Amino acid sequence: GHIFFGNVTTMTDEIKRKLKEKCNADDKPIVVILDFSRVLGIDSSAAQTIAKLKDSILTNYGIELVLFVTGQADGFPCSYDLSRKVHDNTVV
């Protein structure tokens, strides 16, 4: 389906909730893999939120690596340069 400003918060909140739950149970993951291969489109607001999610995961949960699977050779299906933002290893 599509990820847009109306549903991206629900998605990111659920990811953060699961990570917090794992960290509180002393089962902290080292790597997080987010699979977007079934996503048909992402609006620019959602794309920016996903880029911020990557930074939040690295900063707030002590995760060492976040992998994003796009399922497309040319990256994410959006006009925002999300592929570059999530492949950049620095936290903004």
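If you filter segment 27-46 down to residues that are open to solvent by less than 70 Å² (accessible area, probe 1.4 Å) and free of Cβ contacts under 8 Å to residues at least 40 places away in the same chain, you find that the one that is nearest to Thr9 (Cα to Cα) is Ser44. The residue that is farthest from Leu53 (Cα to Cα), among those in segment 10-26 that are open to solvent by 90 Å² or more (accessible area, probe 1.4 Å) and polar (S, T, N, Q), is Asn24.
Is there a residue in segment 10-23 that is closer than 18 Å to Lys85 by Cα and among the hydrophobic types (A, V, I, L, M, F, W, C)? Steps first, please.
Within segment 10-23, the first condition is being closer than 18 Å to Lys85 by Cα, and the residues that meet it are 12.
This time we only want the ones that are among the hydrophobic types (A, V, I, L, M, F, W, C), so: none.
No: zero hits.
If the condition is being open to solvent by less than 70 Å² (accessible area, probe 1.4 Å), modelled with pLDDT under 90 and β-branched (Val, Ile, Thr), then segment 59-92 contributes only Val86.
The values are calculated or read from the model by the stated rules, or taken from the named source; none is laboratory data. The structure displayed is predicted, hence computed values, not measured ones. Reconstructed Cβ throughout: ideal geometry from the backbone, glycine too, with neighbour counts over all protein chains shown. Just so you know, the surface numbers come from the protein's heavy atoms only, side chains and all, with ligands and any DNA or RNA stripped out. Shrake-Rupley method; radii C 1.70, N 1.55, O 1.52, S 1.80 Å.
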